[in-house]
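Remarks on the structure that follows.
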Amino acid sequence: MIVIMKPTAGKAETEAVIEHIEAHGLKVHLSEGEMVTIIGVVGDKSKLDFQNLSIFEGVDRTMPVTESFKLANKKFKAEPTAIDVSGVKVGGGTFVVMAGPCAVESKKQLLDSAWAAKNSGAQMLRGGAYKPRTSPYSFQGLEEEGLQYMAEARTETGLKIVSEVTSLHAVEVAAKYVDILQIGARNMQNYELLKYCGRTKIPVLLKRGLSATVEEWLNAAEYIMSEGNENVILCERGIRTYETSTRNTLDISAIPVIKDKSHLPIIVDPSHASGVRRYVPALSLASLAAGADGLIIEVHPEPAKAVSDGPQSLNPAQFSRLMDSIRQMAPLVGKEVL
Ligand code: PEP
Ligand code: MN
C-alpha cells in the first residue's frame, strides 16, 4: 500500500501519518520527490484500515501495490534513482560505462585493461576475482590477490571498481576493496548472498538470472533493499532462449519494462548477452537507444590470450571505437556520457 500526500502537505503532516502507520506495527518507506511525497507501507496490511487515513490532513489518496516487490517498485518512488558510486552517479540521466576483463589474470593484464578502459572514457573497471565457472576445472580467479590489483588500478587510473562476489566470504573480502559488489546471473536467487550484500551499504550490481523473469529479478533486488541497502543497479545480461547463434538472447524489452516497473537504474552487459565480439557494438548502441543507464563491457588487452571469455572481449581499439559511437549517440537520446 502507498499513501500519496497532497503537494501542499508539510513535514509535520507527513510525520503524523508515518507515526500512525508505525503505531500499527507496519514499516514505512518515505520517498520525498520534487513533486510528490509518497509513504510506502510494508507489512501486514490487515493491521490498519487504510480508508481511515483520509482523516489526516495532507493525505491525498491511498493505493494498493499489488506486486510482490515494494521498495524496488516505481509506485513507492516515482523519480528515477541515481546511485552514488564513490562520487559517480549511475542512473538519473547519465550513461556510465564499465569496462575490463572477464577475469583478473595478472597485475599487468589488469593494469593494461584499466588504462585501455580509462583512455577510451570508461568510468569504471570491471574484473572478476571470484569466477563462477561452468566447469570446476576452469580458472577460478585470483581471489583477494585479484582484488588487490583492482584497487591498485583504481589508485593509478581513478576508475571505480566492480567485482563479482560468489559467497558470503567473498563479500567480506571484497567489501574492503570494491566500489560495487557484483552479483552474477548464477547467484541472482542466492537469497543468503543477496541478504548479506543488503547488510552492507556498498552499491550492488545485480545481474539478471539466466532464466529469471523480470518479476523474479525485481524480487531479488527487493531482498537486498529490504535489508537496508537501496543502492541496487540492475544488469540485463541476456537470457536463455531456443536461439543458439548468440550465447544468450539480449532481452532489450527488459529496459523499458524495468523503467516502467521500477525506479532503479538498469545497465546492459552486451558481452555475456551475445558471447560474440562483433555483435557487442550493435547491442551496446541498441541498449543506449532503449533507455539503459549504462553498459558493462568485457575488454581485454589481448583477447586471444584471455583465460576466460576471450571470444566476446573487445580489444582496446575496438572499445575505443565503440566509445566514440556512444558519445555521438548519447545526446540524441537525452543521455549525458560521464
Ligand atoms: C561476469 O560478468 O563475469 C559474469 C560471470 O557474468 P554473468 O553472471 O552475467 O554470467
Ligand atoms: Mn565473462
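All of the numbers you see were taken from the coordinates with simple rules; none came from a lab. Since the model is a prediction, treat every value here as computed from it, not as a measurement. All Cβ positions, glycine included, derive from the backbone under ideal geometry; neighbour counts span all protein chains shown.
Summary of computed values
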| item | result |
| --- | --- |
| Förster radius 25 Å - calculated FRET efficiency between D84 and S211, Cβ distance, rounded to 0.05 | 0.20 |
| Residue-count net charge about V90 - beta-carbon cut-off 9 Å; Lys, Arg +1, Asp, Glu -1 | -1 |
| Neighbour count of at most 16 Cβ within 10 Å plus DSSP loop: longest chymotrypsin sites (Phe, Trp or Tyr not before Pro)-free window in the chain | 140-241 |
| Potential lengthening between K45 and S245 on full extension [0.36 nm per residue; Cα-Cα distance subtracted] | 67.2 nm |
| Footprinting exposure proxy for E222, E215, E143 (fewest neighbouring C-beta atoms within 10 Å first) | E215, E143, E222 |
| Equivalent ellipsoid semi-axes - Cα gyration tensor, segment 2-63, angstrom | 18, 12, 10 |
| Neighbour-count ranking [beta-carbon atoms within 10 angstrom, fewest first] of L194, L26 | L26, L194 |
| Among G310, G209, G25, residue whose mean-square fluctuation peaks in a GNM of the chain (springs only between Cα atoms under 10 Å) | G25 |
| Longest to shortest principal axis, alpha-carbon extents of segment 162-306, angstrom | 39, 39, 25 |
| Overall dimensions of the chain by Cα: Rg and Dmax, Å | 20.9, 69 |
| Sorted by Cβ neighbour density within 10 Å, fewest at the top, the residues H20, H300, H169 | H169, H20, H300 |
| Excluding exposed DSSP-loop trypsin sites (Lys or Arg not before Pro) (at most 13 other C-beta within 10 Å), longest clean stretch of the chain | 1-175 |
| Local electrostatic count, E67, Cβ distance below 13 Å [Lys/Arg +1, Asp/Glu -1] | 0 |
| Residue-averaged [θ]222 nm for the chain, counting only DSSP H segments that reach four residues, each worth -39500 (n - 2.57) | -9500 deg cm²/dmol |
